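Only one structure is covered here, and it is reproduced in the block below.
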Amino acid sequence: MAQQFNESNFDAEVLQSDIPVLVDFWAEWCGPCKMIGPLLEELSTEVDGQAKVGKVNVDECRDLAVKFGVRSIPLLLFFKDGQVADQVVGAGTSKDILKQKLLALA
């Protein structure tokens, strides 16, 4: 299951993670965000132990959205060693592509 990231756990769970992390910046009112939600849940299960998948609600975590320059959602950021290593903007991608990008960072 995808984790919920926020200001209180982002540093420990994402920036200090020893495995790659895919972070979905999303909002409840965003239709495309809801479309890729189930895909990310499946991906989270498939990469468990090799990588993390989580979500940041931009309405609840505005500081994180600003820090990472979120201008449109969904925004998927791939983190490795505390740094953004790749990104995908929008919902026009497949689970296989996301999995490939994420595991390439492992």
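The values are calculated or read from the model by the stated rules, or taken from the named source; none is laboratory data. A quick note: this is a predicted structure, and the numbers were derived from the prediction, not measured. No Cβ is skipped: glycine too gets one built from the backbone with ideal geometry, and neighbour counts run over all protein chains shown. In case anyone asks, the SASA skips ligands and DNA or RNA and just uses the protein heavy atoms, side chains included. Shrake-Rupley method; radii C 1.70, N 1.55, O 1.52, S 1.80 Å.
Details
- Share of carbon and sulfur in the accessible area of the stretch 15-74 stands at 51%, probe radius 1.4 Å.
- Part-to-part distance (alpha-carbon centres) for the stretch 1-16 and the stretch 31-51, which is given in Å: 15
- Within the listed set PHE25, PHE68, PHE78, the Gaussian network model of the chain (springs between alpha-carbon atoms below 10 Å) gives the highest mean-square fluctuation for PHE68.
- Among GLY49, GLY90, GLY37, the largest mean-square fluctuation in a Gaussian network model of the chain (Cα springs under 10 Å) belongs to GLY49.
- Cysteines in the chain lacking any other cysteine Cβ under 4.7 Å from their own Cβ: CYS61.
- Radius of gyration and Dmax over the Cα atoms of the chain, both given in Å: 12.2, 33
- Magnitude of the charge dipole, the stretch 1-57, Cβ model with Lys/Arg +1 and Asp/Glu -1, debye to 20: 160
- Relative contact order for the chain, counting Cα pairs under 8 Å that sit 6 or more residues apart, in percent: 38
- Computing Rg and the Kirkwood Rh from the Cα coordinates of the stretch 43-103 gives a ratio, Rg/Rh, of 0.95.
- Using the Cα coordinates of the stretch 1-60, the gyration tensor eigenvalues translate into equivalent-ellipsoid semi-axes of 19, 16, 6 Å, sorted from longest to shortest.
- Gain on full extension, evaluated as 0.36 nm per residue between GLN100 and ASP86 minus their Cα-Cα distance, stands at 3.9 nm.
- Counting only protein heavy atoms and using a 1.4 Å probe, the accessible area of SER72 comes to about 60 Å².
- Net charge dipole, the stretch 35-106: roughly 220 debye, given to the nearest 20, about the Cα centre with Cβ charges of +1 for Lys and Arg and -1 for Asp and Glu.
- Solvent-accessible surface of the chain, taken per residue with a 1.4 Å probe and all protein chains present: 53 Å².
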